[in-house]
Structures are given as structure tokens and as C-alpha cells.
1. Within segment 187-194, identify whether any single residue is open to solvent by 10 Å² or more (accessible area, probe 1.4 Å) and free of Cβ contacts under 8 Å to residues at least 60 places away in the same chain, and answer yes or no.
2. Does any residue of segment 282-290 turn out to be surrounded by 15 or more Cβ atoms within 10 Å (Cβ to Cβ), of a type in the set (D, E, K, R) and under 18 Å from the mean Cα position of the chain (by Cα)?
3. Need the failing condition index for Thr397 against (1) of a type outside the set (Gly, Ala, Ser); (2) assigned to a loop (DSSP other than H, G, I, E, B); (3) open to solvent by less than 60 Å² (accessible area, probe 1.4 Å); (4) under 17 Å from Gly196 (Cα atoms), just the number.
4. Among the residues of segment 211-256, how many are polar (S, T, N, Q) and open to solvent by less than 40 Å² (accessible area, probe 1.4 Å)?
5. Does at least one position in segment 105-112 carry a residue that is over 28 Å from Trp191 (Cα atoms), touching a strand residue (DSSP E or B) at 6+ places or on another chain (Cβ under 8 Å) and modelled with pLDDT under 95?
6. Return the total of residues in segment 351-361 being closer than 17 Å to Ile241 by Cβ, of a type in the set (A, V, I, L, M, F, W, C) and either assigned to a strand (DSSP E or B) or modelled with pLDDT under 95 (or both).
7. Would you point out the residue of segment 367-392, among those that are aliphatic (A, V, I, L, M) and surrounded by 19 or more Cβ atoms within 10 Å (Cβ to Cβ), that is farthest from the chain's Cα centre (by Cα)?
8. Would you mind finding the one in Met169, Met207, Met160 that is open to solvent by less than 40 Å² (accessible area, probe 1.4 Å), assigned by the TED database to the domain that holds Ser122 and part of a helix (DSSP H, G or I)?
Amino acid sequence: MESTPALAAPQPNYLIAPSRHGHALKPSSFFPEKRHPSAASLRLQKNPLTFCGVLQQPASPLTCNATLSDTYSSEVNELADIDWENLGFGLLSTDYMYTMKCGRDGNFSKGELRRFGNIELSPSAGVLNYGQGLFEGLKAYRKHDGNILLFRPEENALRMRMGAERMCMPAPTVEQFVEAVKATVLANRRWIPPNGKGSLYIRPLLMGSGAVLGLAPSPEYTFLIYVSPVGNYFKEGVAPIHLVVEHELHRATPGGTGGVKTIGNYAAVLKAQSAAKAKGFSDVLYLDCVHKKYLEEVSSCNIFVVKGNVISTPAIKGTILPGITRKSIIDVARSEGFQVEERLVAVEELLDADEVFCTGTAVVVSPVGSITYRGKRVTYVEGGFGVVAQQLYSVLTRLQMGLIDDKMNWTVDLR
């Protein structure tokens, strides 16, 4: 695949494979408005990350200027024929996925939209043998007027770059990441649920796809994005979930990879999670591995504890994933007049809490109905949200779906 040229004028930063209908995606005016990169994005471009000790130079800024052909556009604008009323959180095969590769030089080639399907990997691929892989999760929402909103995609791009540095991998620039997300979403827009029926979950992957036998960084990397329409993450929906505190198995250790979204972090929680679900719990709440008394996070989401007007959440210290929904809820809570504390939160504080809730891309905000610790069950709310969780959930979801003005400048309107 050819490398990305220096561009004198805007042009697509990806190639488009023909669809099974014979219609190709053609260059045109894909995105009517160009959003400027965030301050954090600009800082990263001025101060690029290193890839295993080698400075990564940011790629030339690229603008995504492609659209679907007229024939294919009509197909894309028609909603997929599925049961939108009963979406769970499971994979539904959609139309397109996005791929982009990077060789030993650390530079990513042009990306490509191709039909969603299986990929080919060597049995000795770095991701399969040594777990050299990261993923992200974000969502697209359909507004009442049919326009499409993304929620803070630049934050996901930044987090992937930080994770890539820890995992000794090259990563797309912030702009490459965001433009790839936009292209993938618009190519699959018929799979975005109607307003209020769910969202389009977007899963970017970065993996060591090159063959390697000895323990070493992969010689090739693949950046891939696929999507799926989803409903609620927990089977309880927005009803309260029930957690059990795990005090023997641990999710992360100081100096490890708990603070980045690497694939191995999630396989490590499956044993405790499966055991908890077999006993009727929704998920597991993990403690720190040193003192075994401070809250860390749930298997795939962050935790918040409410007492009066104070909302406390474990501080980010290397063993806890810096959740983007977590970060957003903290800002929303402060704007709503709450005092938010990021600190060590002892497990005993759960016994006296007014409310507890979880946050994450998949769950958004999920109320906790009860937590069981060493056989003792503490109950919070029954049948729905607590007052504080409901208030924060309402503000955040209305912002994500374009129902209120985005004074935070968090959403990206794809129109």
C-alpha cells in the first residue's frame, strides 16, 4: 500500500474498496465543516510521542474529502432493517470497516474503507503471541433532525496515543484517528439507531499485526475501526446494577498497564466477572492490590460515590483507566454545583454512601442498586436512578444526543 504523500490541497486520506453492489466511494465534499484540533491535539502534534525510544513525527495533516456515490448514498440513508426496539449490547455485522497499516518506519499508510468481515493475521502476529494491542470505544448518535453527532473523539485519539507509547507501538495522529472515525460512521450511517433508540458503538483497534517469534515489538501494525448499533450494556438497562467487591483477584498493579486501554486488561477480569455473574451479580468492583482497601474500578467502568453534595471517585494513578465519560461526568457535576473529589476512596465509605453509580462509554451512567462486600450487602436505590445520578445522566445524554446546547464543545456534528 502506498505511503501518504505530502498534500498541496485537501484530498482523501483513505482509499475506498468497491462495495458488493459495485458502487465505489468517490472524492467530493464529505465533511462540510472542518473542526480545528483540540489544544491537547495540537500539543501532541508539537511534541510527538516516542515509539520504543524512536521519536514519532506526526503525519502531514490530512483532510477527509470523500462521499458516497449518489446510488450508494440512497442505500446508506435508509435505516437497516433490524428490530430497533430491542437492541442489546452485542455485535451486529454492519457494512464497512476501516483499516490503515504502519511499517517499521512508524508512518501510517493511506487508510481504506472495505466491507466488514474477517481479517487475515499470521499465527505469529505480535497481537496474538504477546498481546500487543489497544482498543478504544466511542459512540455516534442520531439527532431528531437526522444529523449525526460524535462525542469527544479527540479524547479517544489522545488516549490511544498515550496507550501506544506504553505498549511500544506507533499510533495514528489525532487528526488521522478522528477523520477515520468520521469516514467509518458515515459509511455505516444506516446502522445508526433512530433518535432515542440507542447509538452506534465505534470500536477502533490498534494491533501488532506483523509476524514476530521472539519477544519484540511487531514489525507491522494495523489500525482498524468497526461499528455496531447497540442498546444498553447491562441487561438491567437503566435499572440499578448489583456489584460484588473482589478482594482476592486484582485488575491492575502499580507500574503495570491498568491505566491504558490494552487488550490484556480485559481478559484478566473474566474469571472474577464470570464467577460473580454465576452468583447473580451484575459485575465486579475491584480494590487496589497493595492495601486491598481502596476502590479502583468495575470491570469496564469507573465508580463514583455520593455523600450529600460531594461526589468522590478514585484518583487516576496508573492503575485506573482515565475514562472519557468519567472525565465528562466530573465536569458536568461541577457545572451543576457539586463538589467533586478525586482521591483514595476506602471501601468502607460504601457503607455510608447516599448513592453509587458507574460511568463508561458503553454504560454511560449506570446506577448501583447494591454492593456486596465480604458477605454484607449494602442497598442504595431500588427500581431506578438516585437523584444525583439521574441529574448527571440527564445532562450528559441530552448533550450527547444534541438536545441541549453544547457549551462544552464536546460534540462533532457530521450532518
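The values are calculated or read from the model by the stated rules, or taken from the named source; none is laboratory data. Since the model is a prediction, treat every value here as computed from it, not as a measurement. Glycine gets a Cβ as well: all are built from the backbone with ideal geometry, and neighbour counts include every protein chain shown. We work out accessible area using only protein heavy atoms, side chains counted, and drop any ligands, DNA or RNA first. Shrake-Rupley method; radii C 1.70, N 1.55, O 1.52, S 1.80 Å.
1. no
2. The answer is no, given that none of the residues of segment 282-290 is surrounded by 15 or more Cβ atoms within 10 Å (Cβ to Cβ), of a type in the set (D, E, K, R) and under 18 Å from the mean Cα position of the chain (by Cα).
3. Unmet for Thr397, out of (1) of a type outside the set (Gly, Ala, Ser); (2) assigned to a loop (DSSP other than H, G, I, E, B); (3) open to solvent by less than 60 Å² (accessible area, probe 1.4 Å); (4) under 17 Å from Gly196 (Cα atoms): (2).
4. Of the residues in segment 211-256, 3 are polar (S, T, N, Q) and open to solvent by less than 40 Å² (accessible area, probe 1.4 Å).
5. So far as segment 105-112 goes, yes, one or more of its residues are over 28 Å from Trp191 (Cα atoms), touching a strand residue (DSSP E or B) at 6+ places or on another chain (Cβ under 8 Å) and modelled with pLDDT under 95.
6. So the answer is 3.
7. In this case the residue turns out to be Val381.
8. Only one candidate passes the filter, namely Met160.
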